[in-house]
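Worksheet for the structure shown next.
No lab work stands behind these numbers, since they all come straight from the coordinates. All values reported here derive from a predicted model rather than from experimental measurement. Virtual Cβ from ideal backbone geometry, glycine too; neighbours counted across all protein chains shown.
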Amino acid sequence: MKGYIHSTESFGTVDGPGIRFVVFFQGCPMRCLYCHNPDTWDLHTEKNGAGTEMTVDEILDMYEGVKEFCSGGLTCTGGEPLMQMDFLTELFEAAKARGIHTCLDTSGITFNPSDSANRAKFDRLIKCTDLVMLDIKHIDDDEHKKLTGQSNKNILAFAKYLSENGKEIWVRHVTVPGITYNDEYLHRLGEFLSGIRTLKALDVLKYHDMGKVKYENLGMEYPLGDTPPLTNEQAKHARDVIMQGIRDGLAARQK
């Protein structure tokens, strides 16, 4: 089996614990307004001239060549790795057979709890996944649709599924002025996270506009125009509000 791979990175420091070998998958069903990798949207390379087809062995051979520097393990990101779930699972199973720590950076968008075949595939995948870095784009479903073009219902269901199955989760949330930088939404996110028993970390990521140049090079209009980057002070405030939401959610559950 071969997968469509956009690129790899041999010294990832923000993609899970430790220094990691990072594999960027092609393909994503979401169209986040702040996406800085629109060249990963299309799955097949012939559509956009990006990426290459690779086998599991080719990827793991690349990892073996730099494993002295990548003591943290292997992270698959994208794009959206779940768009190529069969290949992803095969890669993680082979990595675990070699004793490699596996981390999945995903939005969880393809999870469908009402589809038994889909659920069976996820059951197999999480058996060989050590950590899930879950990107929750927006806690409000209507606003999530505006931001990404997709509902968040299956994403939130995926978070609960991971928690119920004892799978460690790091939540990432991009905070954007005028979109997700909103105390009501941030507090609601915290309340939701209070029910995720396996939550191990929370990363509040500051929106930046460094993707503008890539859009220009691709001949695309940048969706967020002149939206200003989030400041350090705003990021700290956002995290404080989310954490208060978690505390309030936990307190409510104990009543």
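Data overview
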quantity: log₁₀ of I(q)/I(0) at q = 0.16, 0.18 Å⁻¹ - the range 153-255, Debye sum with one point per alpha carbon; calculated: -0.77, -0.90
quantity: Evaluated over the range 83-218, the Cα radius of gyration and Dmax, each in Å; calculated: 15.9, 46
quantity: Phi to ³J(HN,Hα) by Karplus 6.51 cos²θ - 1.76 cosθ + 1.60 over the range 107-115, Hz, x for Gly, Pro; calculated: 8, x, 5, 8, 5, 9, x, 8, 10
quantity: Choice from Arg239, Arg188, Arg124 with maximal GNM fluctuation in the chain (Cα, 10 Å cutoff); calculated: Arg124
quantity: For the chain, the fraction of alpha-carbon pairs in successive 10 Å shells from zero, as %; calculated: 7, 29, 37, 22, 4, 0
quantity: Calculated FRET value between Met220 and Lys127, using beta carbons and R₀ = 30 Å, to 0.05; calculated: 0.15
quantity: Globularity ratio of the range 1-110, using Cα Rg and 2.2 N^0.38 Å; calculated: 1.00
quantity: Most fluctuating residue given options Gly178, Gly73, Gly12, as computed from a GNM of the chain linking Cα atoms under 10 Å; calculated: Gly178
quantity: Over the chain: helical MRE at 222 nm, DSSP H runs n ≥ 4 each giving -39500 (n - 2.57), nearest 500; calculated: -12000 deg cm²/dmol
quantity: Lone cysteines, the chain (no partner Cβ under 4.7 Å); calculated: Cys28, Cys70, Cys76, Cys103, Cys128
quantity: Listed residues Ser114, Ser163, Ser151, most fluctuating in the chain (Gaussian network, C-alpha, under 10 Å); calculated: Ser114
quantity: Virtual spin-label span in nm between Met62 and Ser7, 7 Å along Cα→Cβ; calculated: 1.1
quantity: Alpha-carbon centroid distance for the pair the range 124-174 / the range 60-122, whole angstrom; calculated: 15
quantity: Distance in nm between pseudo-label sites at Asp86 and Thr55 (7 Å out along the Cβ direction from Cα); calculated: 1.7
quantity: Length released on extending from Ser114 to Met210, taking residue separation times 0.36 nm less the Cα-Cα span; calculated: 30.7 nm
quantity: Given Lys2/Lys146; Lys96/Lys212; Lys96/Lys137; Lys96/Lys160; Lys127/Lys153; Lys2/Lys167, the pairs whose alpha carbons are separated by over 31 Å; calculated: Lys2/Lys146; Lys96/Lys212
quantity: Listed residue (Met1, Met54, Gln26) projecting farthest to the positive dipole end of the range 1-73, Cβ model; calculated: Gln26
quantity: Pairwise FRET efficiency - Asp183 versus Ser151, Cβ, R0 = 25 Å, nearest 0.05; calculated: 0.60
